[in-house]
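Visitor: Handing you a structure now.
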Amino acid sequence: MAGEQLPLSGITVVAIEQAVAAPFTTSRLADAGARVIKIERPEGDFARGYDDVAGGLSSYFVWLNRGKESLTLDLTKPEGKARLAELLTGADVLVQNLKPGALDRLGFDHERLSREFPRLITLSISGYGESGPMASRKAYDLLIQAESGLCSVTGGPESPARVGISIVDIATGATAYAAILEALIRRSVTDKGAHISVSMFDVMADWLTVPLLNHEGGRSPKRIGLAHPSIAPYGVFATGDGKQILISVQSDREWRNLARVFLGDEALGTDPRFATNVARVSNRAGTDAVVAAAFAARTGEEALADIQAADVAFASVNNMEGLSRHPHLRRITVETPAGPVSYPAPAPVFAGEERRYGAVPALDKEDL
């Protein structure tokens, strides 16, 4: 509601950040009311130059830097380091995704930060963490997609593929955001800060628990495109007039509904070849063939009506044009140095509140 204090009002965040993962974290802190001071190198966050599709500005930068202040510092110079120390005196959170060890080399190691700023919550994002055999290796989103094995379970049978968005960066940023909130809650009780390390590799390894356990259980997952490796039928089917519809049958009860209402053969619901999910996955080709025939015999409009009548979950296979005009798409508009830009709203909706989002900053020219 207008005039209400946001949850993180009064919290100050210093962000020595670039690219995607750390800016995702701090954009969410800014949305929640924190003051975020974004420290940029004299030439600016290199994400400013990723593309120019948002009114001449970078789509990544416009998305992930709303509501922040830009401050240009050369942290290799004494005056830049002194200014950073001054900022940390009044800060609650420091977020950084410099190269591993870079902050230490600048004179802001963990011991100094803990000694001089005992209430400060420090969160460091890296590719492989602060220790271990690969800790010093450079890492970017697609590199971690490959190294973690995510690409091996993404794409079709022919070859592995990149997930179509910066999923590692986004997942890491969301994980870091949650960790900072935990640390702020604990500090409110203990009055003590924290030093948190989040590695991109660890985040993806955690998210890949299910395919890893399947592999270690003797069922290494295979790439099957727009289908589910352990549920059937769960995939895309074409109607007689060419519409692509993805359906998901999550239980044996839903399969029996599908057989009776959509497939037109109630006996398929209890047929031993299809009666359980384990049987349907083992006989995926037969399962999909039965369902595909039912879709092919209908127009898109008929299929959508009948699949809803069967109470089975479904989706249209959309592209970005479909998302752009989707009836469920909520948008926000943020101010930028190039004018207002509209894009999808953050997912959380707080009842009775109308969130307002800050402007995207131009590159500051203080250059200390």
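Visitor: When ALA15 is evaluated against the numbered criteria (1) over 24 Å from VAL349 (Cβ atoms); (2) out of contact with any Lys or Arg (no Cβ under 6 Å at 6 or more places or on another chain), which criterion, by number, is the only one it fails?
Guide: All conditions are met except number (2).
Visitor: Condition (residue is in contact with a Phe, Trp or Tyr (Cβ under 9 Å, 6 or more places away or on another chain), closer than 22 Å to GLU266 by Cα, touching a residue at least 12 places away in the same chain (Cβ under 8 Å) and exposed (fewer than 15 other Cβ atoms within 10 Å of the Cβ)) applied to region 310-332: is it met by at least one residue?
Guide: Filtering region 310-332 for residues in contact with a Phe, Trp or Tyr (Cβ under 9 Å, 6 or more places away or on another chain) gives 310, 312, 331-332.
Checking the rest, the ones that are also closer than 22 Å to GLU266 by Cα come to 310, 312.
From what is left, the residues that are touching a residue at least 12 places away in the same chain (Cβ under 8 Å) are 310, 312.
Within this subset, residues satisfying the condition of being exposed (fewer than 15 other Cβ atoms within 10 Å of the Cβ) are none.
The answer is no, given that none of the residues of region 310-332 is in contact with a Phe, Trp or Tyr (Cβ under 9 Å, 6 or more places away or on another chain), closer than 22 Å to GLU266 by Cα, touching a residue at least 12 places away in the same chain (Cβ under 8 Å) and exposed (fewer than 15 other Cβ atoms within 10 Å of the Cβ).
Visitor: If you don't mind, another one. Have a look at VAL249, VAL281, VAL290, VAL236 and point out the one that is more than 33 Å from the chain's Cα centre (by Cα) and of a type in the set (A, V, I, L, M).
Guide: That would be VAL290, the only listed residue that is more than 33 Å from the chain's Cα centre (by Cα) and of a type in the set (A, V, I, L, M).
Visitor: Determine whether region 341-354 contains at least one residue that is farther than 30 Å from ILE231 by Cα, of a type outside the set (D, E, K, R), surrounded by 18 or more Cβ atoms within 10 Å (Cβ to Cβ) and out of contact with any Leu (no Cβ under 6 Å at 6 or more places or on another chain).
Guide: yes
Visitor: Can you name the residue in region 217-251 that is assigned to a strand (DSSP E or B) and of a type in the set (Ser, Thr, Tyr) and is also surrounded by the fewest Cβ atoms within 10 Å (Cβ to Cβ) among such residues?
Guide: SER248
Visitor: So, in region 333-368, how many residues would count as being within 29 Å of ARG48 (Cβ to Cβ), free of Cβ contacts under 8 Å to residues at least 24 places away in the same chain, small (Gly, Ala, Ser) and in a loop (DSSP other than H, G, I, E, B)?
Guide: 2
Visitor: Just to verify a result, which residue in region 121-141, among those that are of a type outside the set (Gly, Ala, Ser) and touching a Ser or Thr at 6+ places or on another chain (Cβ under 8 Å), is modelled with the lowest pLDDT?
Guide: Once the filter is applied, the top-ranked residue is GLU130.
Visitor: Here is a further query. Name the residues in region 104-148 that are within 18 Å of the chain's Cα centre (by Cα), part of a helix (DSSP H, G or I) and under 19 Å from ALA15 (Cα atoms), would you?
Guide: None - no residue of region 104-148 is within 18 Å of the chain's Cα centre (by Cα), part of a helix (DSSP H, G or I) and under 19 Å from ALA15 (Cα atoms), so the list stays empty.
Visitor: Working only within region 76-86, note down all residues that are among the aliphatic types (A, V, I, L, M) and either surrounded by fewer than 18 Cβ atoms within 10 Å (Cβ to Cβ) or within 19 Å of PRO344 (Cβ to Cβ) (or both). Steps first, answer last, please.
Guide: Pass one, region 76-86, residues among the aliphatic types (A, V, I, L, M): 82, 84-85.
Matches in region 76-86: ALA82, ALA85.
Visitor: Let me ask you something else. Report the residue count in region 116-139 for those that are polar (S, T, N, Q) and farther than 12 Å from MET200 by Cα.
Guide: Of the residues in region 116-139, 3 are polar (S, T, N, Q) and farther than 12 Å from MET200 by Cα.
Quick grid of which residues meet (1) loosely packed, with under 15 Cβ neighbours inside 10 Å; (2) not in a loop (DSSP other than H, G, I, E, B):
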position: GLU254; (1), (2): no, yes
position: LEU258; (1), (2): no, yes
position: VAL261; (1), (2): no, yes
position: ALA267; (1), (2): yes, yes
position: PHE274; (1), (2): no, no
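Visitor: Can you work out which of the residues in region 53-75 that are assigned to a loop (DSSP other than H, G, I, E, B) and of a type outside the set (D, E, K, R) is surrounded by the most Cβ atoms within 10 Å (Cβ to Cβ)?
Guide: First, pick out the residues of region 53-75 that are assigned to a loop (DSSP other than H, G, I, E, B): 53, 55-56, 58, 65-67, 73-75.
Retained after the next criterion (residues that are of a type outside the set (D, E, K, R)): 53, 55-56, 58, 65, 67, 73, 75.
Details: VAL53: 12, GLY55: 13, GLY56: 11, SER58: 20, ASN65: 31, GLY67: 22, LEU73: 23, LEU75: 21.
In this case the residue turns out to be ASN65.
Visitor: Here is a follow-up. Would region 11-24 turn up any residue that is of a type in the set (A, V, I, L, M), over 19 Å from THR89 (Cα atoms), modelled with pLDDT of 95 or more and in contact with a strand residue (DSSP E or B) (Cβ under 7 Å, 6 or more places away or on another chain)?
Guide: Yes - at least one qualifying residue is present in region 11-24.
Visitor: Next up: Would you mention how many residues in region 278-301 are exposed (fewer than 15 other Cβ atoms within 10 Å of the Cβ), in contact (Cβ under 8 Å) with a residue 24 or more places away in the chain and part of a helix (DSSP H, G or I)?
Guide: 1
Visitor: Hey, another quick one. Please count how many residues of region 155-190 are within 16 Å of the chain's Cα centre (by Cα) and either in contact (Cβ under 8 Å) with a residue 24 or more places away in the chain or in a loop (DSSP other than H, G, I, E, B) (or both).
Guide: 17
Visitor: Conditions first: (1) in contact with a Gly (Cβ under 8 Å, 6 or more places away or on another chain); (2) in a loop (DSSP other than H, G, I, E, B). PRO211 passes all but one, so which condition is the exception?
Guide: (2)
Visitor: Could I ask something else about it? Give the number of residues within region 196-250 that are among the polar types (S, T, N, Q), more than 25 Å from ILE125 (Cα to Cα) and free of Cβ contacts under 8 Å to residues at least 24 places away in the same chain.
Guide: Residues in region 196-250 being among the polar types (S, T, N, Q), more than 25 Å from ILE125 (Cα to Cα) and free of Cβ contacts under 8 Å to residues at least 24 places away in the same chain: 2 in total.
The values are calculated or read from the model by the stated rules, or taken from the named source; none is laboratory data. Predicted, not measured: the structure shown is a model, and the values here were computed from it. Positions of Cβ are generated from backbone atoms using ideal geometry, with glycine treated the same way; all protein chains shown enter the neighbour counts.
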